[in-house]
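Read the figures in this text as sums done on the coordinates, not as results from a lab. Nothing here was measured: the structure is a model prediction, and the numbers come from that model. Glycine gets a Cβ as well: all are built from the backbone with ideal geometry, and neighbour counts include every protein chain shown.
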Amino acid sequence: MSKKFNKNNDDSMNFAEIFAGKDTKKDQKTESFADLLEEYSDIDFEIHKREKESSAEEQKEFFRPRSENVLPEFQIDLHGLTQDEAEKVVETNVRAMKSGRIYKIRIVTGKGLHSKNSPVLRNAIDILLRQLKKEGCCSKIEWDKKSVEESGQVDVTV
């Protein structure tokens, strides 16, 4: 369609005409917007009805990314922090993920190679993340080497 939108031009088309893909001046058939929407829409109305009747938590699932290959949106490096400081930072950020609409973050704990005895942060963060998962703050915890003992970072998914 190469018609121009001009108030003074009688050959101009209105929105309904453009949406319908035809010139109603020629056809002289008028349709309501609802009729046009129903006719040209590809929406499966049963799915739409099910979405409207679902709970708020179920509705969030409709918009959650499904790919397991989603990269973390943020990275938190805990190197140099004490155990208490690291736990506060992690807890605050994981709890804020839902409200901030963040899907995945990476937490770098380090492997604990510089610790005098056993790794401190890695084990403390693992315990904290398991607790937060039980509370429903996150849904998935993935250590980079598939086990806590060999890993130095963890991906947390809402």
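Details
- Listed pairs Lys111/Lys134; Lys104/Lys134; Lys52/Lys104; Lys104/Lys140; Lys88/Lys145 exceeding 21 Å between Cα atoms: Lys111/Lys134; Lys52/Lys104; Lys88/Lys145
- q = 0.12, 0.16, 0.21, 0.26 Å⁻¹: log10 I(q)/I(0) that the Debye formula gives for region 74-157, counting C-alpha atoms only: -0.30, -0.54, -0.93, -1.42
- Surrounding net charge for Leu132, when Lys and Arg each add one and Asp and Glu each subtract one, Cβ distance under 9 Å: +2
- Residues Val94, Val70, Val156, Val148, ranked from the fewest to the most other C-beta atoms within 10 Å, line up as Val70, Val148, Val94, Val156.
- Formal net charge of residues neighbouring Gln153 (Cβ-Cβ distance under 14 Å; K, R +1; D, E -1): -1
- Percent of beta bridges antiparallel (DSSP, region 74-157, rounded to nearest 5): 70
- Rounded to the nearest whole Hz, the Karplus-based 3J(HN,Hα) values (6.51 cos²θ - 1.76 cosθ + 1.60, θ = phi - 60°) of region 91-98 follow the sequence 4, 4, 6, 5, 5, 7, 4, 5, with x at glycine and proline.
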